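Working notes, structure below.
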Amino acid sequence: MSVRHHRYSRDLKSKEQTTTIDSKYIQQHLANERTYLAWVRTAITIMGVGYLAAKLHFFSTMVSSDTGNLLAQLIGLAAIIVGVIIIVYATVNYSAKRRGINSQTFIAPSASLIFFTGSVVTLSFLFLAYLLAV
């Protein structure tokens, strides 16, 4: 039994000695992955809310107006476009940050934050215009 235990501990030591660049910065990589998944969840939520708003408009029993119809279609379309852009951005950003973590370089994004803030504010104003038009 002691021979078996000795062999097992030797295997563990050999595994500990072979570390990759990814395992060296495991906490940063895991945080990067959590951030990526948060972006994807946000994109899916934005697309879902836009789709739901458009669908509810067309299935409601209220008297619909041309302006309301147009705004409902714009909200649905804009939400899907913004959601797809967010998913593409999140994927590209995840890969860039992975390389940045491994090379120990990091540049904080600023243009993307302005774009996404503007997109969400625009969608919010579309929702407000829709509520006022209907």
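Nothing in this text is a laboratory measurement; each read-out follows from the coordinates by a stated rule. Nothing here was measured: the structure is a model prediction, and the numbers come from that model. When we count neighbours, we look across all protein chains shown, and the Cβ atoms used for this are built from the backbone with ideal geometry, even at glycine.
Model label sites at THR20 and LEU77, defined 7 Å from Cα along the beta-carbon direction, differ in position by 4.4 nm. By the count of other C-beta atoms within 10 Å, a proxy for reagent exposure, THR20, THR45 are ordered fewest to most as THR20, THR45.
Using +1 on the beta carbon of Lys and Arg, -1 on that of Asp and Glu, and nothing else charged, what's the dipole of region 25-133 about the Cα centre, debye to 20?
380
For region 25-133, state the semi-axes of the equivalent ellipsoid (square roots of 5 times the eigenvalues of the alpha-carbon gyration tensor), sorted largest first and rounded to whole angstrom.
36, 13, 8
In plain terms, the chain from LEU70 to LEU132 could stretch by 21.0 nm, reckoned as 0.36 nm per residue minus the Cα-Cα distance. Do any chymotrypsin sites (Phe, Trp or Tyr not before Pro) in region 35-134 lie in a DSSP loop with no more than 12 other beta carbon atoms within 10 Å, and if so, which? Here the sparse-neighbourhood loop sites are PHE106.
In sequence order, region 73-81 has phi-based couplings of 5, 5, 4, x, 5, 5, 5, 5, 5 Hz under the Karplus curve 6.51 cos²θ - 1.76 cosθ + 1.60, θ = phi - 60°, and Gly or Pro positions carry x.
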